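Okay, structure first, notes after.
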Amino acid sequence: MPAAPPPPLPEPPRPGPPLLEVDDLHVEFRTPRGTVRAVNGLGYTLHAGQTLALLGESGSGKSVAALAVMGLLPTPPARITRGAVRLHGRDLLRLSDAEHRKVRGTRIAMVFQDALSALNPVLTVGHQIGELFRVHRGLGRRQARARAVELMDRVRIPAAARRVDDYPHQFSGGMRQRVMIAMALALDPEVVIADEPTTALDVTVQAQIMRLLAELQQETGTGLLLITHDLGVVASVADRITVMYAGRVVEESDAPRLYAAPAHPYTRGLLESVPRLDRPGRRLVPVPGSPPDLAHLPTGCAFHPRCAAARARCADERPALLPVGAAAEERSSACHFTDEVTARGGRP
Amino acid sequence: MSTGAPDPTDPNPPEPDRPVLRVRGLAKHYPTGGGPFRRRGTGAVRAVDGVDLELHRGETLGLVGESGCGKSTLASVLMGAERPSAGTVEVDGQDLFALDRRQLRAVRRRMQMVLQDPYSSLDPRMTIGRIVAEPLAIHPEVLPRERRPAKVAELLRLVGLDPAHADRYPHQLSGGQRQRVGIARALALGPELLLCDEPVSALDVSVQAQVLNLLADLRERLGLACLFIAHDLAVVQYLCDRIAVMYLGRIVETGTREQVYGSPYHPYTRALLAAVPVPDPTLRGAQVALLEGDLPSPADPPSGCRFRTRCPQAQQRCAQEEPALTVRPGTDHPTACHFPLPAQVPPPRDPATGKAP
């Protein structure tokens, strides 16, 4: 069936200067079962003021890559075998542990999925937020506490002045995640990495947190790297989307184009397998098979065993990530047959 | 309470209009207090607090709600894992909690459960074949031993697995395959009623659709009645004919899928639907009123309507009088709200912040 031409999409927003560049990153884990190749040549660029989503399912390497950027990978068993992580052109992977720790505290901050285990249960949240100011800014106890209250206000925790002396367990899941966001923003970082920040939350609370993140990002102009598996969450906030599969980028695009006309069969498969409130009665088309075993990656294109469009070439030759569409769109896809995928369809 | 409960071994098909599952006034309270530092018997967590449900043959009822609403407690009572504090659960007209052991065993054959976590719900030391055959070993009267391997192969094929998988162990399978094994086990005794508690929420998106389609097909082919408990509103919409929305131990709205999703009357249902992010960036930007705050504690629910503390429409009456779940003037399905919202189809919108659309 010929698809109706999609309405013209707005030009992708002009990005600010490159902030964080990940280049050809390779991470593997040595296990008794063999070498698990979690990240296999990942590359992306986050610009100032931009929200970039790393979209992938479990085992896609999205969280491992984030930990590598943060310098939080346990080594061993993990090993970064190749690549660079540049912040303003400076390779973080070449820093000493002490230098990396300094960057991590002040210039790159992270929001984790599980706020309850990321917070210390025996210290008040005010103490934990204030600690950042005491350690990194040399503030006194009283000043640090005042800054903590300010930050809690800023992430819209009601009655912040009263709650600053409460312990993490006295907060609900959504409020704890706000505390995590407050801590991430405390030292005005240039980059915030949010790893599945709402996955543990209920849908009504998720909406509150995503709105908060988007508002704060606009206020501060921080670069936000959002790591998630949720196509809905991504659509609501991301400027650009990097789709990962088996530790590599399979597609990269601005958000509207990715959803309107996916260029990689995996992206297309994801979009067709999500039930949507706004499209009742549509039969889901699942992606067959399971995500790959990272200890035994398929040859050629890692997605080929699950791909309906796969041919012999896909098993032999790994497709490079190449530009698709008009140059101004700045999209790319890693598929030998991208042209067929895009030709076959606008909206799924 | 049903009158003249039939013999559970009665082979006659039950009357067509009798629900497979009927839940009346069900409550499950967990007493709090006790312990060395507290006064005894100070109160109770009212996890489920007066729930009525009916499920008919071949029908799928979706029970949705956020964490803490009581949906999983309800599931464990329905499976007989816990006794209710009040109310009845009837399966084919027989009260589950009034039966003796032998009768209960017979009824249990008719209702089976599919659990959320395919990693922890399968015994890692048992082969897939033994796991699927286990219900047949527990109910040996169903099938003679020598015919069980063939039945296992048939069940594995039914859920889209290779019968050769029978010799493998759970850790050799992927998450999606494990959930298929869980479904095959649930179908081993030929149940009429399947209770599914978050059956796809632990699975990856690309695999989730496989299991959803499998459940939809099986339900159709086998004429199963399904109670589908989930927090994902889009998943429930995909699979369910009727919907019940739960909040703090109570059902606040129920109706057909078209009724509940098309014109939700309860402010909670509407807020819940509005909060679901739609995977379409072009819909971004419309400002949606989000719910404030969090779920109150079920140990100390608000007076009157339990939703009133978060409800943008709440008025004085809501604090004083608990609204009953009934069809109100101007509405076409039951809601527990004194002031149901006017019918409207909420446009698909996105909850993220934003500029004008």
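Quick one: which residue in A:Arg240, A:Arg248 is within 29 Å of A:Pro291 (Cα to Cα), more than 13 Å from chain B (Cβ to nearest Cβ) and in contact (Cβ under 8 Å) with a residue 12 or more places away in the chain?
Values: A:Arg240 fails: more than 13 Å from chain B (Cβ to nearest Cβ).
Of A:Arg240, A:Arg248, the one residue that is within 29 Å of A:Pro291 (Cα to Cα), more than 13 Å from chain B (Cβ to nearest Cβ) and in contact (Cβ under 8 Å) with a residue 12 or more places away in the chain is A:Arg248.
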Just the residues that are in contact with an Asp or Glu (Cβ under 9 Å, 6 or more places away or on another chain), farther than 22 Å from A:Tyr44 by Cα and more than 13 Å from every other protein chain (Cβ to nearest Cβ), please, taken from region A:287-333. A:Thr299, A:Ala309
Residues located in region B:78-133, provided they are touching a strand residue (DSSP E or B) at 6+ places or on another chain (Cβ under 9 Å) and in a loop (DSSP other than H, G, I, E, B): B:Met79, B:Gly80, B:Glu82, B:Arg83, B:Pro84, B:Ser85, B:Asp92, B:Gly93, B:Arg110, B:Leu115, B:Gln116, B:Ser121
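Which one of these is closer than 22 Å to A:Ile227 by Cβ and surrounded by 15 or more Cβ atoms within 10 Å (Cβ to Cβ): A:Ala261, A:Ala246?
Working: A:Ala261 fails: closer than 22 Å to A:Ile227 by Cβ.
Going through A:Ala261, A:Ala246 in turn, the sole match is A:Ala246.
Determine whether B:Asp241 is in contact (Cβ under 8 Å) with a residue 60 or more places away in the chain, acidic (Asp, Glu) and surrounded by fewer than 18 Cβ atoms within 10 Å (Cβ to Cβ). Break it down stepwise before answering.
On the way: in contact (Cβ under 8 Å) with a residue 60 or more places away in the chain: yes; acidic (Asp, Glu): yes; surrounded by fewer than 18 Cβ atoms within 10 Å (Cβ to Cβ): yes.
Answer is yes for this residue.
Determine which member of the set B:Thr282, B:Thr269, B:Thr256 is among the β-branched types (Val, Ile, Thr), surrounded by fewer than 24 Cβ atoms within 10 Å (Cβ to Cβ) and at pLDDT 90 or above.
On the way: B:Thr282 fails: at pLDDT 90 or above; B:Thr269 fails: surrounded by fewer than 24 Cβ atoms within 10 Å (Cβ to Cβ).
Only one candidate passes the filter, namely B:Thr256.
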Quick check on region A:204-216: of everything there that is within 9 Å of chain B (Cβ to nearest Cβ) and touching a residue at least 12 places away in the same chain (Cβ under 8 Å), which residue is nearest to A:Val69 (Cα to Cα)? A:Leu213
At pLDDT below 90 and touching a helix residue (DSSP H, G or I) at 6+ places or on another chain (Cβ under 6 Å) - does that describe any residue in region A:15-37? no
Selection status of B:Pro277, of a type outside the set (A, V, I, L, M, F, W, C), over 28 Å from the mean Cα position of the chain (by Cα) and under 22 Å from B:Leu233 (Cα atoms): no
Does B:Pro135 satisfy the condition of being farther than 27 Å from B:Glu54 by Cα and either within 14 Å of another protein chain (Cβ to nearest Cβ) or not hydroxyl-bearing (Ser, Thr, Tyr) (or both)? no
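Would you mention how many residues in region B:248-278 are among the aromatic types (Phe, Trp, Tyr) and within 14 Å of another protein chain (Cβ to nearest Cβ)? Step through it out loud before you land on a result.
Applying the first criterion (among the aromatic types (Phe, Trp, Tyr)) to region B:248-278 yields B:261, B:265, B:268.
With within 14 Å of another protein chain (Cβ to nearest Cβ) added as a condition, the list becomes B:261, B:268.
Qualifying residue count, region B:248-278: 2.
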Is it the case that some residue within region A:188-202 is over 21 Å from B:Ser201 (Cβ atoms), polar (S, T, N, Q) and surrounded by fewer than 20 Cβ atoms within 10 Å (Cβ to Cβ)? no
What pairs can you find where one residue is in region B:126-147 and closer than 23 Å to B:Asp162 by Cα and free of Cβ contacts under 8 Å to residues at least 40 places away in the same chain, the other is loosely packed, with under 13 Cβ neighbours inside 10 Å and of a type in the set (Asp, Glu), and their Cβ atoms are less than 9 Å apart, with a gap of 6+ or different chains? B:Gly129/B:Asp167; B:Arg130/B:Asp123
Which residue, of A:Arg257, A:Arg282, is under 27 Å from B:Leu161 (Cβ atoms), basic (Lys, Arg) and within 12 Å of another protein chain (Cβ to nearest Cβ)? A:Arg282
Can you name the condition, by its number, that A:Gly59 falls short on among (1) at pLDDT 85 or above; (2) surrounded by 15 or more Cβ atoms within 10 Å (Cβ to Cβ)? (1)
Consider B:Val200 carefully, then state whether it is modelled with pLDDT under 90 and surrounded by 14 or more Cβ atoms within 10 Å (Cβ to Cβ). yes
Quick one: count up the residues across region B:279-320 that are within 11 Å of chain A (Cβ to nearest Cβ), of a type in the set (A, V, I, L, M), part of a loop (DSSP other than H, G, I, E, B) and touching a residue at least 24 places away in the same chain (Cβ under 8 Å). 4
Keeping to region B:54-87, report how many residues are over 19 Å from B:Thr254 (Cβ atoms), hydrophobic (A, V, I, L, M, F, W, C) and modelled with pLDDT of 90 or more. 1
Going through region B:68-99 in order, the residues found to be within 14 Å of another protein chain (Cβ to nearest Cβ) and in contact with a Gly (Cβ under 8 Å, 6 or more places away or on another chain) are B:Cys69, B:Gly70, B:Lys71
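Conditions tested, residue by residue: (1) under 23 Å from B:Val200 (Cβ atoms); (2) of a type in the set (Phe, Trp, Tyr); (3) touching a helix residue (DSSP H, G or I) at 6+ places or on another chain (Cβ under 6 Å).
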{"position": "A:Glu272", "(1), (2), (3)": "yes, no, no"}
{"position": "A:Leu277", "(1), (2), (3)": "yes, no, yes"}
{"position": "A:Pro286", "(1), (2), (3)": "yes, no, yes"}
{"position": "A:Gly300", "(1), (2), (3)": "no, no, yes"}
{"position": "A:Arg306", "(1), (2), (3)": "yes, no, no"}
{"position": "A:Arg311", "(1), (2), (3)": "no, no, no"}
{"position": "A:Asp316", "(1), (2), (3)": "no, no, no"}
Residues located in region B:246-278, provided they are in contact with a Lys or Arg (Cβ under 8 Å, 6 or more places away or on another chain) and in a loop (DSSP other than H, G, I, E, B): B:Leu248, B:Gly249, B:Pro264, B:Tyr265, B:Val278
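Just give me the residues in region B:112-125 being closer than 22 Å to B:Gln208 by Cβ and either in contact (Cβ under 8 Å) with a residue 40 or more places away in the chain or among the aliphatic types (A, V, I, L, M) (or both), in sequence order.
Selection gives B:Gln112, B:Met113, B:Val114, B:Leu115, B:Gln116, B:Asp117, B:Pro118, B:Tyr119, B:Ser121, B:Leu122.
The values are calculated or read from the model by the stated rules, or taken from the named source; none is laboratory data. In this text, all values refer to a predicted model and were calculated from it rather than measured experimentally. A quick note on method: Cβ atoms are made from the backbone with ideal geometry, for glycine too, and the neighbour counts reach across all protein chains shown.
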